[in-house]
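Presented below is the structure to which this report refers.
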Amino acid sequence: SVFNYSNEQFGKINLLDATAHSVNTVFVPLGMKAGLNNVVDVARRAGIPDSVQMWATPSVSLGVASPHVIDVASAYATFASGGVYAKPFMVKEVLGANQGVLYESRIQAQQVFSSEVMSDLTYALQGVVKYGTGTAAAVGLNRPIAGKTGTTDSSAAVWFVGYTPDLAAAVWVGDPRGGQSYPMKNLTINGRFYAQVFGSLMPGPVWREAMKGALADTPPTKFTLKTLNGLNTG
């Protein structure tokens, strides 16, 4: 059985609204219709490595795999760059005593999705922060944002992953011991009680503040959208 957060019912809605409001009861059958092996393939191409176990079962569309945070950030960077995947690295360069470059990472990039498909995806993910589950990530940032919240069963972990035209980042909040044995429930945050934590409550504001600092010297730019399916990009 598939349920939405708090067993919320939405009736018949379109895919844009289903994305914005994280409607599980839409995306599980959608993944089955698209082909579960295709869902796994798209995740791999975006940047989720083979070392992360993914099974082609109906729940795969909800993100039941356990990637590292950098893997998810890398996948969203693929979306942000118009479908170009760049292999992530942890060390940019190593300088010697005289500031000579002893080691320098090289960007390894390839086009894995069409820019038109990525434009449609970016348009849909903008709805998440404009009117959906991720509005807390956009407050005061004053630049275009696309992203997605994520909440595991029993609120054992919560995510916000998003990007601007310039930068992608991922924030995960949870107990490092993992599993549903350590749920984030019955918490008081900023003086307000929450019976259960969800994706936009904690990681969304953390993501927002991190992006404010990282982009402080970067003027806002707009997404370049060339839609495949004629969506109204505004």
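The values are calculated or read from the model by the stated rules, or taken from the named source; none is laboratory data. Predicted model only: the values in this text are computed from it and were never measured. Cβ coordinates were reconstructed from backbone atoms using ideal geometry, including for glycine residues, and neighbour counts include every protein chain displayed. Just the protein is used for accessible areas: all its heavy atoms, side chains included, with ligands, DNA and RNA removed. Shrake-Rupley method; radii C 1.70, N 1.55, O 1.52, S 1.80 Å.
Need a quick list: strands (runs of 3 or more DSSP E) entirely within segment 24-107 having at least 1 residues that are open to solvent by 60 Å² or more (accessible area, probe 1.4 Å), of a type in the set (D, E, K, R) and under 22 Å from PHE223 (Cα atoms).
Counting at least 1 such residues, we get no strands (runs of 3 or more DSSP E) at all.
Any residue at all in segment 109-116 that's in a loop (DSSP other than H, G, I, E, B), within 15 Å of the chain's Cα centre (by Cα), surrounded by fewer than 16 Cβ atoms within 10 Å (Cβ to Cβ) and of a type in the set (S, T, N, Q)?
no
Which residue pairs have Cβ atoms closer than 9 Å, lie 6 or more positions apart in sequence or on different chains, and pair a first residue in segment 32-50 that is over 20 Å from ALA109 (Cα atoms) with a second residue that is outside any loop (DSSP other than H, G, I, E, B) and of a type in the set (Ser, Thr, Tyr)?
What qualifies is MET32/SER61; ALA34/SER61; LEU36/SER61; VAL39/SER61.
Name the residue, out of ALA136, ALA157, ALA170, that is over 22 Å from ASP120 (Cβ atoms) and touching an Asp or Glu at 6+ places or on another chain (Cβ under 9 Å).
Just a single option satisfies the conditions, and that option is ALA157.
Show the residue pairs meeting these rules: Cβ distance below 7 Å; 6+ apart or different chains; first residue within segment 54-72 and farther than 11 Å from PHE27 by Cα and β-branched (Val, Ile, Thr); second residue in a helix (DSSP H, G or I) and modelled with pLDDT of 90 or more.
Going by the 7 Å Cβ cut-off, the qualifying pairs are THR57/LEU36.
Taking segment 2-23 as the search range and keeping residues that are outside any helix (DSSP H, G or I) and on the phi > 0 side of the Ramachandran plot, which one is surrounded by the most Cβ atoms within 10 Å (Cβ to Cβ)?
SER22
Please verify whether LEU62 is aliphatic (A, V, I, L, M) and within 24 Å of LYS226 (Cβ to Cβ), treating the condition exactly as stated. Lay out the reasoning, then the answer.
Values: aliphatic (A, V, I, L, M): yes; within 24 Å of LYS226 (Cβ to Cβ): no.
The answer is no for LEU62.
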